[in-house]
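Below: the structure, in C-alpha cells.
The values are calculated or read from the model by the stated rules, or taken from the named source; none is laboratory data. Treat the numbers as computed from the prediction; the structure is a model and nothing was measured. Here the Cβ is made from the backbone with ideal geometry for all residues, glycine too, and neighbour counts use every protein chain on show. Protein only, heavy atoms only, side chains kept; ligands, DNA and RNA dropped before computing areas. Shrake-Rupley method; radii C 1.70, N 1.55, O 1.52, S 1.80 Å.
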Amino acid sequence: MDYNFIDIEQKWQRHWDEKKIYKTKIDPSKPKYYVLDMFPYPSGAGLHVGHPLGYIASDIYSRYKRQQGFNVLHPMGYDAFGLPAEQYAIQTGQHPAITTENNIKRYREQLDKIGFSFDWDREVRTCDPKYYKWTQWTFIQLFNHYYNNKTQKAEPIKDLMSKFERSGNIDIDAASGPVQEFTAVGWRKMSDKEKQQTLMNYRLAYLAETMVNWCPKLGTVLANDEVKEGFSVRGGFPVEKKKMNQWFLRVTAYAQRLLDGLEEIEWSESLKEVQRNWIGKSEGATIFFNIKNSEKAIEVFTTRPDTIFGATFMVLAPEHELLKEICTPEYAEKAELYIKDSFKRSERERMAETKTVTGQFTGAYCQHPFTKEPLPIFVADYVLAGYGTGAIMAVPAHDSRDYAFAKTFELPIVEVVTGGDIEKGSYDAKDGTLINSDFINDMDVRSAIKAVIKRLESTQSGKRMINFRLRDAIFSRQRYWGEPFPVYYKDGIPYVLDEKELPLELPPVDKYLPTETGEPPLARAKNWKTKDGYQLDCNTMPGFAGSSAYYIRYMDPHNNNELVSKKAVEYWRNVDFYVGGAEHATGHLIYSRFWNKFLFDIGVVVEQEPFKKLVNQGMIQGRSNFVYRVKGTNKFVSYNLRKKYDTMPIHVDVNIVDNDILDIEAFKKWNPEYKNAEFILEDGKYICGWDVEKMSKSYHNVVNPDDLIQNYGADTLRLYEMFLGPIEQAKPWDTNGIEGVFRFLKRFWRLFHDDKGEFKVTNEQATEEELKALHKTIKKVSEDIERFAFNTAISAFMTLLNKLYELKCNKKDILQPLVALLSPFAPHITEELWQKLGNKDSIVLAEYPAYDEKFIVEDLITYPVSFNGKMRFKMELSAGLSADEIEQKVLEAEESQKWIKDKKIKKVIVVPGKIVNVVV
RNA sequence: GCGGAUGUGGCGGAAUUGGUAGACGCGCUAGACUUAGGAUCUAGUGCCGCAAGGCGUGGGGGUUCGACUCCCUCCAUCCGCACCA
C-alpha cells in the first residue's frame, strides 16, 4: 500500500477529535508548559501559507513538550472584533457578527486540516459577550484604580479619596494629569462634580480632552501605534490632529516597569530595542523660565542642562497653551497666522518638510534663570506638542535643529562645550569641557549636568526629571464592532456600571455609520441607557482591548464568576513560549504587558510578565512569476528571449506555473484576454521570470494551504514550512521545493513496507552503526527543537533516512523510536505507523526518545589534515591517541610528503578530536 | 538622520564554542527500471581548469597556525523609529 496521506490524515484527525486527545486539565503532578500563538483576526480571505508558519512551529514545540512529560496548554481563538467586518457591514448591511462567524468557520476548517494539537474546548472569541464581559470588567478596575508612585503599584481610588480626606493631595505622589494642589479642607469643600473631575486626573482609565489622532475616513480616533507616517495602519487613510474628549489608559504610569521588565524576558534583542525606543526614556531636567511682564513661567524639558548658558532663545510648539497670553500686540497677528497655518498642514506634510525651518517671533521675552538675561520666545513647529512640555530652551551651538533655526533667524550662537566648530555647525556630542558657563566652567559634561541640576533645585527654578516618549493610550473608538464601555453619564460625569450588570452587550443598530450629528454608531441604538435611564457611553473599545488578556482567559475560559480562578492562574501562571509577528511590537505587546502588570497589582495574576519567551516568525514572502508580453501584441516571449523584443512583464498566477515553466493551456484559460495568445518558446517551453514580493492577490502569488494539503498532505505541508529556513527569518515561498519533503515522507513510509506494500518491520537486533545513526539523530533533533531550529532538525531526519536506506534497516528497535521522534513534525503518518507497530495508545502521549551517549562515542576519528590552514586530505586515527602520536602519524603519512616536499616544518598544531594543521 | 537585522552555489539554506565552507533539499546532468513517467533507484553537481592545481562566504584591511565566525572600514538590501529637546 502506498503512502495514502488523505485517508491517514482524515482518520487520525477524526480520532484525535473524538478521543479529545488534546484536552488539557490542571494536573499538579506534572510540570506545566504554556505555548501560545498570537490569535488571528479571521479575515475573509482565509489563510495563505504564510499564516500557519508560526502555528506549525509552536505546535511542534507543544507536541515535543507533551511527549517529554509536560502538561501543555496550547489553545487557539479569534481576535474577532475589527474593522474589515465592520466596513463590510457598512457596505452591505450584514451584521459584522455574521461575517465574523462565517470567517471563523472558514479559518477553523483550514486550521483543522493541518493537524494542530489545540485544545479547542478553550477557544475564546473577543466578540463573545461571555468573553468581553471580562474586558469590560478590567476596564472598571482600571477606572477604579490609580497609580501610586511611592509604592510603584496600582491602588484603589477609594484609598486615594480617604487620603484626600485626611490631607488633600499635597503628599500624594501619583501618576496623574495636570492637577492643582489642594488641602483636606479644599477637598471637602468640593462639590461631587468637582471631586469626580479631580479623581479623573488620577484614574488609570480616564476621560480627557486632548489632541488625538483623528481619521475622518474611518470616522474614529486611533492610538499612536495605529498611525504610521500620518496614515492609519488599517486602511492607509490620512490622520489628522484634533482636540477631542476621549477615554485613555494611563500606560505612562507603568513606563519604568515596562522598561525594567524587558530585562527579565527572553525576547529578541531587536524587539526589546523597539519597545525601549517606543517607551523612550530620557533623563535630564525640567527648567522654568519666567516670562517678562507676566507671572507665568515656561517649563522646558532638556537632557542637556549643562548647556544652559548656551541657551539664546526659547521655542514653543504651536499648540502651546501660553502662546495666547504672551504674544505682544505687535506680533500677535503674525503668530496667530503661523499657528493656524501649522494646524492646517497635515501631520504628513509637517513631517515631510523637516528640512525647512519655519517659525515666528512672539514679541515676548523670558528670563534666563541664572544670568537673568532676556531670551526671545518663538513659536515653531519643529517643537512637538506631544513630547516633554512642548517647549524648549534653544541651544544653537549644541543642537542641530536649534542651530538651523538660529542661522535662519540670525540669532546668537554661544559655544559652551569645547570640541566642535560652531562656525560650521552645532556640536551635539556629550564630550568636552564647559566654557562661557559661569559656575560650571572647566567641568566635563557629566559633572556639569549634576551641578546645574543641583543649582536649579536650590534656586527652585527647576529639578531633575525623567521623561518618557510613551503616551497614554487612547482607548475609545467611534466605531460599532467593539466592546461597549460599561459607562454611563450623570450630570455629564461618567460612572462605571456595577459589575453585576456585565456584560453590557452590543446593541443592534439600523446602520453601522455615525449619526447625522457625528455621534458614533452606538448613538443610533434604541434606548441606549441604563435601567435608571442614564445615557450609556457611545464609544467602543479598540482592537487591543480584547487581545490584552486573552492568554489569561485561556487558562479558565468558561469561568463566569472571575476573569480567571486563583487555582488556574497559580498553575498556568504565564505564557512560556509565545509565537507571533513582529508587527505587534509597539501595540499588543506593550498593551498586554501593561494590562498584565495592572492585573498583577490588583492580585488577579501572579506573574509580572505575561510572555516569558517570544519568537517572531518571519514573513513568508511571495515568489511571483512573470510572462513577457511583446508590447502592443498578444504575443508572449519566453524569459531568456525577452531581451530581443520590446516587452512588458505581467504577473501570472503561480499556480499555473511549475518550476518556472508555464502551463500554456491553463494560461489561455486563466484570462479570456489571453485566449488567443501566441507564444515564442525556448526548447519547446515557455519559461517564466520570477521575483520575490509580498504575498498578495494582486501579484497572483498567493498559495493556499488547502491546495497543498490536497496534493501532498498536511504532514508534508508542516515539514516544508519548517524546512524553508529559520523560523525568525523572512523567506520566499517556492512551492517547487515541496517535492523534497514529500519524497522524504514517501520514503519514510516505504521503510516500513516491503515491495508489495505490506507492513514489514523486523525484530532483529540493531547493529552498532544503526544505533549510532539513530542516537546521533535523537541528540541533534532534540537540541534543534530546543533552539527552534526546525529546518536543521528536518535535515537530520533526512540524513538518517538516507543512512537507514543504505543500511537496509527496517528493524523495530530503530524505527519505533524514530517514529516517536518525528511525530511532533508529522503527527499523522507517525500515528499510523505507531499503531501498525502495535502500540495501543496515541503517539501524542508516547515518551520522547532519549539518546544514549554510549552509542555515539566514536573510536575512530577522521582527522582533516591541513597544510597552512588548507585542508588537504583526511586521515582515520583512533580516538585514544595523544597529540604527539597524532602528529607523528600524520607526518609519516604518505600523502603528507607531497605537501611537505623540501619545505621545512615550522609548527604542527594538533587539536585532538578536531583537526591537524601543519605549518610549512 | 538614528537604531536593529541580513549579505554564503542557479534557488531555499547548513556550518551551535575560531577548527573539513556549501550539510539537507530544490533544480540541473547522465544512467537504470518501465508501455509510460510529473513514480522509483544509481552516480555527478561552488567556480575556473583536460589535469596537477588555483580561486571562493558583499568589497577592502587586520588579528590568528587556522576566520562565514573576532576587530576596523566601506558597500548593498530589508525592517523599525524619525524634528524626542
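Here the extension length gained between A:Gln535 and A:Ile650 equals 35.7 nm, from 0.36 nm per residue of separation less the Cα-Cα distance. Quick one: angle between helix A:129-143 and the longest Cα principal axis of chain A, in degrees between 0 and 90, rounded to 10, please. The helix A:129-143 is inclined about 40 degrees to chain A. Based on the reciprocal of the average 1/r between different C-alpha atoms, the Kirkwood radius for the stretch A:689-760 equals 14.1 Å.
Nearest 10 degrees is fine. How inclined is helix A:157-167 to the longest principal axis of chain A, computing both from alpha carbons? Helix A:157-167 and the main axis of chain A meet at about 30 degrees. Between A:Lys490 and A:Gln91, the distance separating the two model label sites (each 7 Å from Cα on the Cα→Cβ line) works out to 4.5 nm. Taking 7 Å steps out from each Cα toward its Cβ at A:Asp663 and A:Lys760 produces label points 3.7 nm apart. Taken per residue, the accessible surface of the stretch A:805-879 reaches 47 Å², heavy atoms only and a 1.4 Å probe. Carbon-plus-sulfur accessible fraction, the stretch A:172-224 (probe radius 1.4 Å, protein heavy atoms only): 47%.
Rounded to two decimals, the Cα radius of gyration of the stretch A:770-820 over 2.2 N^0.38 Å is 1.09. Calculated FRET efficiency, A:Asn441 to A:Thr358, Cβ-Cβ distance, R0 = 41 Å: about 0.70 to the nearest 0.05. When A:Asp119, A:Asp159 are compared by accessible area of protein heavy atoms, the largest-first order is A:Asp159, A:Asp119, using a 1.4 Å probe. Here the stretch A:780-823 and the stretch A:717-732 have alpha carbon centers that stand 18 Å from each other.
Rolling a 1.4 Å probe across all protein chains gives A:Ile474 an accessible area of roughly 10 Å². Using the Cβ-Cβ distance between A:Arg743 and A:Ile602 with R0 set to 56 Å, the FRET efficiency from 1/(1 + (r/R0)^6) comes to roughly 0.50. To put it simply, the accessible area of the stretch A:422-540 at a 1.4 Å probe is 46 percent carbon and sulfur.
Once the convex hull of all Cα atoms in the stretch A:470-619 is built, its volume per residue stands at 161 Å³.
Across the cross-link table entries A:Lys217/A:Lys612; A:Lys500/A:Lys597; A:Lys779/A:Lys870; A:Lys195/A:Lys463; A:Lys296/A:Lys597, which are compared at the Cα atoms, the separations over 32 Å belong to A:Lys217/A:Lys612; A:Lys296/A:Lys597. For the stretch A:182-280, the equivalent ellipsoid built from the Cα gyration tensor has semi-axes of 32, 24, 8 Å, listed from largest to smallest.
Which order do you get for A:Trp670, A:Trp528 if you rank them by accessible area with a 1.4 Å probe, largest at the top?
A:Trp670, A:Trp528
For the stretch A:59-86, backbone nitrogen atoms closer than 12 Å to the point 7 Å from A:Lys30 Cα along Cα-to-C-beta are found at A:63-74. Annotation: the antiparallel percentage among DSSP beta bridges lying fully within chain A is about 80.
A:Leu83 exposes around 40 Å² of accessible area when a 1.4 Å probe is run over every protein chain in place.
In whole percents, the pair-distance distribution calculated for chain A from its alpha-carbon pairs, binned every 10 Å from zero, is 2, 9, 15, 18, 17, 16, 12, 7, 3, 1, 0.
Here the extension length gained between A:Asp431 and A:Asp852 equals 145.7 nm, from 0.36 nm per residue of separation less the Cα-Cα distance.
Counted by Cβ distance under 10 Å from A:Thr433, the other residues give a net charge of -3, where Lys and Arg count +1 and Asp and Glu count -1. Bridgeable lysines around A:Lys105 (alpha carbons under 24 Å apart, same-chain partners fewer than 8 residues away excluded): A:Lys11, A:Lys19, A:Lys20, A:Lys23, A:Lys113, A:Lys130, A:Lys133, A:Lys697.
Projecting the Cα atoms of A:Leu724, A:Val615, A:Ser232 onto the charge dipole of chain A (Cβ charges, centred on the Cα centre) puts A:Ser232 farthest toward the positive pole.
The spacing between the stretch A:611-628 and the stretch A:386-414, judged by their C-alpha centroids, is 44 Å. Can you give the angle from 0 to 90° between the axis of helix A:812-822 and the longest principal axis of chain A, with both taken from C-alpha atoms, to the nearest 10? The angle comes out near 20 degrees.
For the stretch A:554-631, carbon and sulfur atoms together expose 48% of the accessible surface, with a 1.4 angstrom probe and every protein chain in place. Between the stretch A:246-288 and the stretch A:38-73, the alpha-carbon centres lie 30 Å apart.
A:Leu316 sits among other residues whose Cβ lies under 13 Å from its own Cβ, and their net charge, with Lys and Arg +1 and Asp and Glu -1, is -3. In this structure A:Ile861 has an accessible area near 40 Å², from a 1.4 Å probe over the protein heavy atoms. A full extension of the chain between A:Glu283 and A:Val919 corresponds to an added length of 223.3 nm, given 0.36 nm per residue minus the alpha carbon distance. For the stretch A:423-559, the solvent-accessible area with a 1.4 angstrom probe is 50 square angstrom per residue. Accessible surface comparison of A:Lys450, A:Lys153, probe 1.4 Å, protein chains only, largest first: the order is A:Lys450, A:Lys153.
Sorted into 10 angstrom bins from 0, the C-alpha pair distances of the stretch A:233-343 split as 9, 24, 31, 25, 9, 1 percent. Computed over neighbours whose Cβ is under 12 Å from that of A:Lys334, the net charge equals -3, Lys and Arg +1, Asp and Glu -1. The value of relative contact order for chain A, using C-alpha pairs under 8 Å at least six residues apart, is 13 percent.
Can you give me the convex hull volume of the Cα atoms of the stretch A:307-448, divided per residue and expressed in Å³?
Given the Cα convex hull of the stretch A:307-448, per-residue volume reads 114 Å³.
Taking every protein chain into account, the accessible area of the stretch A:200-269 amounts to 43 square angstrom per residue (probe 1.4 Å).
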